[in-house]
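Encoded as structure tokens, the structure appears first; notes follow it.
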Amino acid sequence: MSSVGRARRVCHITGVAMNMDDPHPATSAVAVRPATLHGFGPSAVAPFASHIGDEWEGVFDSLSDAVTIHDEHFNIVRANAAARAMLGLGPAEAGAAIKCFRQYHGADAPPQACPSCRCLESRQPGVYELFEPHLNRHLEIRAFPRFDGAERCVGTIHVVRDISQRRDAETVVRDRDERFRSAFMTGLDACCVVRLDDGVIRECNAEFEKLFGFARDEVIGRTSLDLNIYIDSGVRDRAFADLNEVGHVRDLELKGRRKNGDVITCSVSENVVPIGQVPHVVSVVRDVTEQRRAEEERERLRGQLQQIQKMESVGRLAGGVAHDFNNMLAVILGRADLAIASVEPGSELHADLVDIRDAAQRSANLTRQLLAFARKQTVAPRVLDLNATVEGMLKMLRRLIGEDIDLSWRPAADLPPVMMDPGQIDQVLANLCVNARDAIDGVGRVVIETDQTAIDALYAESRPGLSPGEYVRLIVSDTGCGMTADTIQHVFEPFFTTKAVGAGTGLGLSTVYGIVKQNRGFIDVHSEAGHGTTFTMYLPRHAGQADHLAEADGSGAPNGRGETVLVVEDEPALLRLNVRNLESLGYRVVSATTPSEALRVAGGQAGTVDVLLTDVVMPEMDGMELARRLNAVFPRMKRIFTSGYTADVIVHRGVLDQHVHFIQKPSSRKALAATLRHALDQPS
């Protein structure tokens, strides 16, 4: 090849364009301290003007890149305007010893990374990027060998571009990318980068691995469908549609699947970003499983609170009217009993009076049910053997549910006692057995069981309203039609019923609920449609010994034996009724409408007062205080308290304590007579 041809192959400069064959880029740096450039005289450059013709002088100097021509001894033989400006040379400076390594590198000899040395040695063009501390610049140097006619390498040509701004920009971008990568990889949320067109995951961080249970190597290069992390793949398709349309997705909530199969709830936000001119999706995934569980728990507790508030509202309503309503019912029931006793049985009037009494009794029962539901039923708790109490009811319960339904009794051995009003046990079992009977179509079975259990804190947390401790359980199961989950949610609400109109009041189960709650217990229900129902009542275990409960003998109202009864009642109609009932039973009766009158009447008695029958809540002083004053005068006087108020009103007055005689208004003549006789027959 001729020298002209080789020159054209190696370096062909036209205007500002330059082409080269097979450049071999290299990057290095020369750590040389900057030095001041010394000026040179015009004679240093003039001898080399012949290397470029005059017609190219303008073109050569107009090149934006710095161009320097060197001989084989590293002398700069020609420099264009851009090079002179870069190297600090004047336009007519001269000097035979202008060395390229001194001007570019600030060195006294060619450094190891000198492009001229490499080009002369290799006889091949090359591209080099160097940071020159001497010039405080990043330079891109394209070095080309020069050949003479004998194809001997006689020097080099450098085309130099200042790339300091580009390198600074690249540094900024690199720092930014590094910060992004650091934030991406160490973020608290799970993150991944996905190629938009095919959904292939290009990168993921440690939180992504932790959240879904996959190692990074298992994720990269695969799609979310490959990993099966979407419960509903349609959600993924809709998300990608939104990304293609609007470029982002915000707080998309979806169900995800971990590698081990666990299902989690995720909140996903995504943005489309270009990476290397290719659209990618940066996806940020946050695990909100516990947050959603907490919200569901709050919603459930809110519902329970609303239910409790609803129950309390009914309780306040019931308690507010109970006193006056019970007083009126007491008068109606008492007068009806007296009228029935004075009318010939079998007459039309006798039947009418019986209907009046029965209607009043049903009204009294309805009030009692409302008070039980509202946990304001007046009770007289006793330490009970639950097994003995239930066994005493079995005969009545069998009659209640009918012959077609088998009643099984399964008592637990060595059952601890409970502290509870025995009448409430009667109410609970009667209501549950009636409910079971109505749920059974034809032949079926009801099972009553008892046992004991200990509840720990962990289990109590899963049953709101249940406290840790030792409990006696009363369990009633049936083989009836069962209930749906929706029905169970409302089963204890007052007046809620699935029975036909007129077939029930909807207060049976709410009564049971109120009784259990009033005794600091907990009731649980398990049921499925078509598979029967089980009610489990947790009653706190009592440490004392069970009382002996005398069974009713079924006889009529016991008569008095001439004992003196002081009746104190601020309701005149009820006072007159009590006086008449007691006199008809054979008692000597003195009466008063106020406590002060009672003290005056008692003080004027020639003999003793055997029994005080007093209302609890009265003007001037309550019944307990009146009883204490009278006992100072009559130490052997027995005391019987009566009230139409609810338990929360009178419990703090001490009249519901064990071994204190109490009659809840309204009461029948027979109940009044039995209580009087029981109190009088007890030893003082």
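The values are calculated or read from the model by the stated rules, or taken from the named source; none is laboratory data. Here the structure is a predicted model, which is why all the values come from computation and not from measurement. No Cβ is skipped: glycine too gets one built from the backbone with ideal geometry, and neighbour counts run over all protein chains shown. SASA here: full protein model, heavy atoms, side chains in, ligands and nucleic acids out. Shrake-Rupley method; radii C 1.70, N 1.55, O 1.52, S 1.80 Å.
Annotations for the structure displayed:
- Candidates 245, 253, 270, 296, filtered to the one that is open to solvent by 50 Å² or more (accessible area, probe 1.4 Å) and in contact with a strand residue (DSSP E or B) (Cβ under 8 Å, 6 or more places away or on another chain): 253
- Inter-residue pairs, beta-carbon under 7 Å, first farther than 17 Å from residue 669 by Cα and touching a residue at least 24 places away in the same chain (Cβ under 8 Å) and in the range 571-600, second open to solvent by 50 Å² or more (accessible area, probe 1.4 Å) and acidic (Asp, Glu), 6+ apart: 593/570; 594/570; 594/620; 595/620; 596/620
- Single residue of the range 517-534 satisfying the filter (part of a strand (DSSP E or B) and out of contact with any Asp or Glu (no Cβ under 6 Å at 6 or more places or on another chain)) that is nearest to residue 484 (Cα to Cα): 527
- Within the range 175-192, residues that are closer than 18 Å to residue 287 by Cα sit with their Cβ atoms under 7 Å from residues that are of a type in the set (Asp, Glu) and assigned to a strand (DSSP E or B), at 6+ positions apart or across chains, in these pairs: 192/203.
So that you can scan it fast, the table gives a plain yes or no per residue for (1) assigned to a helix (DSSP H, G or I); (2) open to solvent by 30 Å² or more (accessible area, probe 1.4 Å); (3) not small (Gly, Ala, Ser):
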| site | (1), (2), (3) |
| --- | --- |
| 388 | yes, yes, no |
| 406 | no, yes, yes |
| 416 | no, no, yes |
| 437 | yes, yes, yes |
| 441 | no, yes, yes |
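- Every residue from the range 443-478 that is open to solvent by 60 Å² or more (accessible area, probe 1.4 Å) and under 22 Å from residue 530 (Cα atoms): 443, 445
- The listed residues are 253, 245, and the only one of them that is out of contact with any Cys (no Cβ under 6 Å at 6 or more places or on another chain) and either touching a residue at least 12 places away in the same chain (Cβ under 8 Å) or not in a helix (DSSP H, G or I) (or both) turns out to be 253.
- Any hit, the range 479-501, residues being closer than 20 Å to residue 543 by Cβ, modelled with pLDDT of 85 or more and open to solvent by less than 70 Å² (accessible area, probe 1.4 Å): no
- Residue tally, condition in contact with a Lys or Arg (Cβ under 6 Å, 6 or more places away or on another chain) and either free of Cβ contacts under 8 Å to residues at least 40 places away in the same chain or of a type in the set (A, V, I, L, M, F, W, C) (or both), over the range 264-289: 3
- Residue 356 more than 51 Å from the chain's Cα centre (by Cα), over 22 Å from residue 643 (Cβ atoms), open to solvent by 30 Å² or more (accessible area, probe 1.4 Å) and in contact (Cβ under 8 Å) with a residue 24 or more places away in the chain: yes
- Of the residues contained in the range 301-309, none is found to be within 29 Å of residue 197 (Cβ to Cβ) and polar (S, T, N, Q).
- Sub-7 Å Cβ pairs linking a first residue in the range 401-425 that is under 12 Å from residue 446 (Cα atoms) to a second residue that is assigned to a helix (DSSP H, G or I) and open to solvent by 30 Å² or more (accessible area, probe 1.4 Å), at least 6 apart or interchain, are 401/437; 402/437; 405/437; 407/398, ordered by first then second residue.
- For residue 610, the requirement of being touching a residue at least 12 places away in the same chain (Cβ under 8 Å) and more than 17 Å from residue 667 (Cβ to Cβ) is met.
- Across the range 592-619, the number of residues qualifying as assigned to a loop (DSSP other than H, G, I, E, B), modelled with pLDDT of 85 or more and more than 23 Å from residue 561 (Cβ to Cβ) comes to 2.
- Selection status of residue 628, in contact with a helix residue (DSSP H, G or I) (Cβ under 8 Å, 6 or more places away or on another chain), modelled with pLDDT of 85 or more, outside any loop (DSSP other than H, G, I, E, B) and open to solvent by 30 Å² or more (accessible area, probe 1.4 Å): no
- Of all residues in the range 562-576, those being out of contact with any strand residue (DSSP E or B) (no Cβ under 8 Å at 6 or more places or on another chain) and either at pLDDT 85 or above or on the phi > 0 side of the Ramachandran plot (or both) number 2.
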